[in-house]
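Structure, as structure tokens:
Just so you know, all these numbers are worked out from the coordinates, no wet-lab data involved. Quick caveat: nothing in here was measured; it's all calculated off a predicted structure. A quick note on method: Cβ atoms are made from the backbone with ideal geometry, for glycine too, and the neighbour counts reach across all protein chains shown.
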Amino acid sequence: MGASTLPVAITARLAEQVRSAAASRRALAIEAGGTKSFYGNPTAGERLDPRECAGIVAYEPSELVVTARAGTRLAELESALAECGQMLAFEPPHFGSGATVGGCIAAGLAGPRRAATGVASGGVRDSLLGVTLLDGRGTILAFGGTVMKNVAGYDVSRLIAGSLGTLGVVLEASLRLVPRPAAESTLSLELDEQAALRQCTAWMASPWPVSATAWAGGRLTVRLSGARSAVGAAQREFGGEVMTAEAAAGFWSAIREQTAPYFDRDGTLWRVSLPANSSPLALAGPQLIEWGGALRWLYALEDAVAVRRRAAELGGHATLFRGERGDVGAFTPRPAAVAVLEARLRAEFDPAGIFNPGRMYADQSH
Amino acid sequence: MRTPLEGTGSIDHELRARTKAALARVLPSGSILGTDEETLPYECDALTLYRQPPMLVVLPATESEVAAVLRVCSSLGVPVVPRGAGTGLSGGSLPHAGGVLLSLAKLNRILAIDSLARTARLQPGVRNAAISEAAARHGLFYAPDPSSQVACTIGGNVAENSGGIHCLKYGLTIHNVLAVRGFTMSGEAIEAGSAALDTPGLDLLSLVIGSEGTLVVVTEVLVRLLPRPALARCLMASFDRVETAAEAVAAIIAAGIVPAALEMMDQAATRMVEPFVGAGYDLDAAAILLCEADGSEAEVTEEVERIEAVLRAAGAGRIQVAASEAERLRFWAGRKNAFPAAGRVSPDYYCMDGTIPRRQLARVLHAIRGMESTYGLRCPNVFHAGDGNLHPLILFDANDPDSVRRADEFGIAILELCIEVGGTVTGEHGVGIEKINQLCSQFDAPSREAFLAVRRAFDPDGRLNPGKAIPTLQRCAEYGRAHVHGGRLPFPDLPRY
């Protein structure tokens, strides 16, 4: 992976757009498929669309690595991997057919498999091996590489995951892959919130092959993924009703893509991220709980202050994910010392402060 | 040819006295070592090729003492070099002649283990192996297991993003640390990451892990613990050609199996360790693979059968499955003792750490064979085959300057080859001082400038572990001049990144 594999004319055009915007300090709104434009704070600016920079550059299944350009559609990438019995470990949400690899990395959102106990788990950054980035000077930078173990230089690639385009435009990325599990089974049990949280904690403290959990409306659904014997043994131990493979695929896709009935509501949807084994949120509003309790979706009836206070009490944070936001920022403010460091980093990567201003924090630029 | 290193030279005794007096105001007596006899034991880490006694050594016992040391040094403009157990293999904690060596050895407490949240809160001086020992009674373990795990500390693991034999399945330090707390050079407290699975804002944890003590001095680490698998079973397979062994590794991965560990040793390596350990290795094989499956009894049986079938189809000769836990540990003892065994058969050894795409393995091993005769030195190979991380062990004699020179050049040739085939100069040991020049080859100037920019954001005056991990532009310019032959860079057809 290197600058040399990029389509020269396309990257030159993108670089020129960046340089010209930087020269006149004109804001750029980086957007490809626009499937996650709801995420973060609204940002205004001239659109920079990296979709022309597309295509799978290298995929060697026995290396467990794929290199793809940012504009590659996520669906196209995932089907190429599936053909070889492989997948992205972090099961990213698409939120629409236009979702791209670059947007997936910039948003940094992981799906149901995030808290899995097995080899296929982790967030976007955990799978990211290398990134080629167009910085705020219009310079192409390449970090990391295509190998699993690489400690040369700072791990800037992983820093890009979830940075919402505020450090630069992702042009190309190399991602670690995992084999699709040999067996998979989904079952569900009637349990109240407290009992479901306890049950998840107990399962995840033992080597059971739990790859996803979802609790809503008094029912806990759990997905098992792994060796045939391990999935079978867990299924016998856990009990509950077993879903057909087709129903299970539909169920988890609806959780991942937020098309499940739970998400068919008006109001403000909060994404509350908590340490494992945290107590019930005890906030008013309907909830859906994923990641064994570490991720709680909440259509809060209380205000942002109450939600953020409770999340902080439990050692976590709350993101205003969808819906009415008023003047509330999308992300929990971070400590002053960290904010200063972040501003200094941004000033280095994007000296003119042109990339997605305010998307992450109102004070993100200096 | 090596350009002189920053921070080497003689001690300025006036500066030593002044710094010592300032530090004595913030540290209890006995926490400062300031005579040549006291500081000499700290003159190197496990990369003994480089030595430099520090001006002073400080041993703070609390987080606030660490912060105080940093503030004092910051105000005096004195560089600080953090140090854990000193087991690093790239000279990352090589002292600075005009600086303070900050030992974290006294911050060695396990602060809490939360068995339900599956986390351990640790001070940086806790030994790696001690974490799993303490977690064992909860049925949990800490996954990264560098071969120095009985001695190396979690603080050092965070600094180096350490891996180990089981990281193919369980990940590196970055995948197993949830949060760190520490201080920047100016003494400002910083937290990165959190007990939750994500953190608002930029992911500073990704920068801090593997930053080799150049961004933050880490004073507390929150790690995730994993449920201990009920059983592990190891297979040993013999191959009559290194190429066949390499193809077998690719075949295992392509079959959708991610073993808990997948290691290769060449014949020179098995013959070196066997008399030392008695592991029962096939000494006639050109290479052996060690492959471990873990999980429940049924899971392990299933995976071992699949692995055996793939290995047979890939052309393995003898395949042995460890019949007992004792035999499994014996299989691994050979691999884990490869470095000490090298120390037994040779006065000195130089351990390399490149990572390459797996498909390049046979080519690279073949090239290393050729280099053995070019440089007149032997080089057995042990290899984290599953993730492409090579550890060639160059055997040399440190008392013979010509042997040292050849070992150094041999090492550089291996690292440049790793870059040429699309890999990296360091998979898990870090850049430190050792591979500082090779970073000039691996990354182009704008990317290196971005690394320097990251460093500036944390440490504007460049006082924390200066001269390590990231080369200055000037250093690379000098290195480039030294290595341009006839107006051409080495490997001119390479994309530089």
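Some points to look at:
- For A:K36, a cut-off of 29 angstrom between C-alpha atoms picks up no lysines at all, skipping any fewer than 8 places away in its own chain.
- Bridge orientation summary for the protein assembly as shown: considering DSSP beta bridges with both residues in this region, about 90 percent are antiparallel.
- Point-charge dipole on Cβ atoms (K/R +1, D/E -1) for the protein assembly as shown, about Cα centre, debye to 20: 1060 debye
- Disulfide-incompatible cysteines by the Cβ rule (no partner under 4.7 Å) in chain B: B:C44, B:C73, B:C152, B:C167, B:C234, B:C291, B:C351, B:C379, B:C418
- Cβ-based exposure ranking for B:I252, B:I113, in which fewest neighbours within 10 Å come first: B:I113, B:I252
- The ellipsoid that matches the Cα gyration tensor of chain B has semi-axes, each √(5λ) in whole angstrom, of 37, 28, 20, with the longest given first.
- Cα gyration tensor category, rounded, prolate or oblate, for region B:344-483 with a/c compared to 1.5: prolate
- Over all other residues within a Cβ to Cβ distance under 10 Å of A:H94, the charged ones net out to +1, with Lys and Arg as +1 and Asp and Glu as -1.
- Long-range amide H partners of B:T153 with built H, under 5 Å: B:A85, B:N128
- Contour excess over end-to-end distance, with Cα ends at A:E60 and A:E302 and 0.36 nm allotted per residue: 82.1 nm
- On the principal axes of its alpha-carbon atoms, region A:3-180 has extents of 49, 33, 28 Å, going from largest to smallest.
- Chain B: calculated mean residue ellipticity at 222 nm from DSSP helix runs of at least 4, using -39500 (n - 2.57): -11000 deg cm²/dmol
- Gyration tensor (Cα) of the protein assembly as shown, equivalent ellipsoid semi-axes in angstrom: 39, 34, 28
- With all pairs of separate Cα atoms included, region B:110-227 yields a Kirkwood hydrodynamic radius of 14.0 Å.
- Rg and Dmax of region B:1-151, Cα atoms only, in Å: 17.4, 55
- Applying the criteria of a DSSP loop state and at most 15 other Cβ atoms within 10 Å to the GluC sites (Glu not before Pro) of region A:264-344 yields A:E302, A:E324.
- Multiplying the residue separation of B:R456 and B:D402 by 0.36 nm and removing their Cα-Cα distance gives an extension gain of 15.5 nm.
- DSSP loop trypsin sites (Lys or Arg not before Pro) with at most 15 other Cβ within 10 Å excluded, longest remaining stretch of chain A: A:27-264
- Lys/Arg +1, Asp/Glu -1 at C-beta; chain A dipole; positive extreme among A:L77, A:S225, A:V66: A:V66
- Degrees, to the nearest 10: B:13-24 long Cα axis against longest axis of chain B: 90 degrees
- Listed by chain and number, the aspartates and glutamates placed with their C-alpha closer than 13 angstrom to that of B:K106 are B:E63, B:E65, B:E220; residues fewer than eight positions away on the same chain are left out.
- Gap separating the Cα centres of region A:231-262 and region B:93-121, nearest whole Å: 42 Å
- Rounded, prolate or oblate (a/c below 1.5 giving rounded, otherwise prolate when a/b exceeds b/c) for region A:183-322 by Cα gyration tensor: prolate
- Here region B:163-203 is treated as an ellipsoid with the same Cα gyration tensor; its semi-axes, largest first and in whole Å, are 25, 14, 7.
- Cross-link partners of A:K149 among lysines (Cα-Cα below 19 Å; sequence separation of 8 or more within a chain): B:K169, B:K336, B:K435
- Between region B:216-269 and region A:135-191, the Cα center-to-center distance that results, in Å: 22 Å
- Sum of -39500 (n - 2.57) over DSSP H runs of 4+, divided by residues of chain A (222 nm, nearest 500): -8000 deg cm²/dmol
- B:T153, A:T244, A:T43, B:T301 arranged by Cβ crowding within 10 Å, fewest neighbours leading: A:T244, B:T301, A:T43, B:T153
- Between 0 and 90 degrees, the angle of helix A:8-23 with respect to the longest Cα principal axis of chain A falls at about 80 degrees.
- Per-selection Kirkwood Rh - region B:13-82 (Cα, Å, 1 d.p.): 12.6 Å
- Spatial offset of region A:201-229 relative to region B:278-295 amounts to 35 Å, using the alpha carbon center of each.
- For B:F396, the residues 5 or more places off, or on other chains, whose built amide H falls under 5 Å of its own are B:D348, B:Y349, B:Y350.
- Residues B:R335, B:R271, sorted so that the one with the fewest Cβ neighbours within 10 Å comes first: B:R271, B:R335
- Chain A shape via C-alpha gyration tensor axes, a/c threshold 1.5: oblate
- Annotation: amide H-H contacts under 5 Å for A:G130 (H modelled 1.01 Å from N, sequence separation of 5 or more, or interchain): A:G145, A:S174.
- Translational D in µm²/s for region B:175-243 (Stokes-Einstein at 25 °C, 0.890 mPa s, Kirkwood Rh from C-alpha pairs): 164 µm²/s
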